[in-house]
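Report on the structure given below.
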Amino acid sequence: MRILVLSINYWPDETGIAAFNTWRCEYLASQGHQVTICTGPPYYPQWRVPQSYRGKLIQREVRNGVTILRSWMFVPQAPTAKKRIVHEATFLASSFLRALATKKPDLIFAVSPPLGIGLVASTLSRLWNVPYVFDVEDLQPDAAVELGMMSPGRLTDFLYRVESRAYQSAALVSTLTEGMRKRIVDKGIDPARVVLFPLRSDSSLYTLRQRIDRSAFREKYGLRGKIIVSHSGNMGVKQGLGVILDAAERSRERDDIRYVFVGDGAMRVQLEAETRTRALSNVLFLPLLESGEFEQMLGATDIALITQQRIVSDIVFPSKTVTLLSAGCAVIASVNSGSEVARAVLRSGAGLVVEPESGDALWNAISELAGSRTAMARMSRQARQFAMELWDEQRTLPMMASHLSECVRQWNRRKSLVGNKYPPAVAEGEDE
């Protein structure tokens, strides 16, 4: 099958959607499919384009069997709501033109966000008379409204119309969790056309704590003998990371505990400034780490944190949840109790779920776990077992590939029935 992927994020970006896209594309290529991705230059989560990718309208690379077609887009150094709109709009325009210059695919796989990628894919689908799959990693309009980033009005009404059009014109809609799937179905989409493509766990992480020198990271950053409480990944608005500083302030007298932030994002500068203002000497900020040192950090971590604002429930599912559980980290989730993250942590037995945006609740949980190595060891074992059963790449990636092949088969069957015209959307597995 010739597959055209449309996504704003890809390798060498290492966090979130980029890493997931890279795994999926490279897996499909390894199975003999011809995979091409139209994407932009790397920039996330630092919001900075590396020097080697700057000033170029288009670039072409080939990595692990995947053809990577990059096109220019505006990347703001200090992203705001308006700048993000321009950022996404420039990518949508340039990727559409880049895609038009490629060979006609058998299938288009469009990854959202940005939401507008669905309209690009829908247009290309009609031009080429091929199916497209709309892969929803983040319920963008819902998130913007519920997080207070946008107020209900004409703009949000427009975005919801765009979302509806993207869903209705897709041959198949895929998403990460049952909660997100339910949201999509509740918007009026046929349940038979909405499937799960769960996140993929990296099987090499299952043995991380047995094969990694856990002391190297501690020695390098002056953390010998400390209980490491870490947060890794994107530092954005919906993470609600101020709660970690609140917990750090409540435990400033505990010299045996250190809070380590690893990564980058729109809120990092503000968090660092607040740390200085509060004079929190028990907080350490580190940049994005290369893969080897990142594994050392995971291995050295005693307690891993996942935080979200109270309002976040089933609109997103951070991929680091899979990474942390796969690596056998004991987790404290400061999240809405009805969220997908909370359900995963509780079902797995990998840790504790506490009231979001409460420094007291977070510190009480940290104190509880820090006092019980036995509990942390038990949670570590249960986290790995859960990840292996639910997200193992030997299950999730073949399942995705099977759905895509079936989507194309059904589309072509429908197209033959209507005389090679553009067929109506089809639920996977439906037969007449």
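General observations
- Prolate/oblate/rounded call for the stretch 1-79, Cα gyration tensor, a/c under 1.5 rounded: prolate
- Overall form of the stretch 203-390 per C-alpha gyration tensor (a/c, 1.5; a/b vs b/c): rounded
- Value at 222 nm in deg cm²/dmol, rounded to 500, when DSSP H runs of n ≥ 4 in the chain each add -39,500 (n - 2.57): -13500 deg cm²/dmol
- Residue exposure proxy: Thr277, Thr67, Thr156, Thr301, ordered by other Cβ atoms within 10 angstrom of their Cβ from fewest to most, comes out as Thr277, Thr156, Thr67, Thr301.
- Under 5 Å between amide hydrogens, built in the peptide plane, is the criterion, and for Val133 it picks out Ile108, Phe109, Ala110 among residues at least 5 positions away or on other chains.
- Extending 7 Å from Cα along the Cβ direction at Ser416 and again at Arg378 yields two label points whose distance is 5.8 nm.
- Between Glu368 and Lys83, the contour length at 0.36 nm per residue exceeds the Cα-Cα span by 98.3 nm.
- FRET efficiency, 1/(1 + (r/R0)^6) with R0 35 Å, evaluated for Glu355 and Thr277 via beta carbons: 0.90
- Computed extension gain for Ser204 through Met399, at 0.36 nm per residue and net of the alpha carbon distance, reaches 68.2 nm.
- When the chain is treated as a GNM with alpha-carbon contacts under 10 Å, the residue of Leu324, Leu115, Leu208 showing the greatest mean-square fluctuation is Leu208.
- Whether the stretch 151-306 is rounded, prolate or oblate, judged on the alpha carbon gyration tensor where a/c under 1.5 counts as rounded: oblate
- Taking 7 Å steps out from each Cα toward its Cβ at Leu127 and Arg161 produces label points 2.3 nm apart.
- Beta bridges by DSSP in the chain, antiparallel share as percent, to the nearest 5: 15 percent
- Under a Gaussian network description of the chain, with springs only between Cα atoms under 10 Å, the residue in Leu155, Leu119, Leu390 that fluctuates furthest is Leu155.
- Positive-end extreme of charge dipole, the chain - chosen from Gly65, Met376, Thr321 (charges on Cβ): Gly65
- Overall dimensions of the stretch 294-378 as given by Cα atoms, namely Rg and Dmax in Å: 12.1, 34
- Simple Cβ-charge dipole of the chain, Lys/Arg +1 and Asp/Glu -1, about Cα centre, in debye nearest 20: 1000 debye
- Computed from Cα positions, the angle between helix 373-391 and the longest principal axis of the chain comes to roughly 10 degrees.
- Spatial separation of Cα centroids for the stretch 71-106 and the stretch 1-65, in angstrom: 13 Å
- The stretch 199-276 and the stretch 335-385 have their alpha-carbon centroids 15 Å apart.
- Per-residue Cβ neighbour rank within 10 angstrom, fewest leading, Asp186, Asp13: Asp186, Asp13
Bear in mind these aren't lab numbers, they're just calculated from the coordinates by the rules spelled out. Keep in mind it's a predicted model, so treat the numbers as computed, not measured. So basically every Cβ, Gly included, is an ideal-geometry build from the backbone, and we count neighbours across all protein chains shown.
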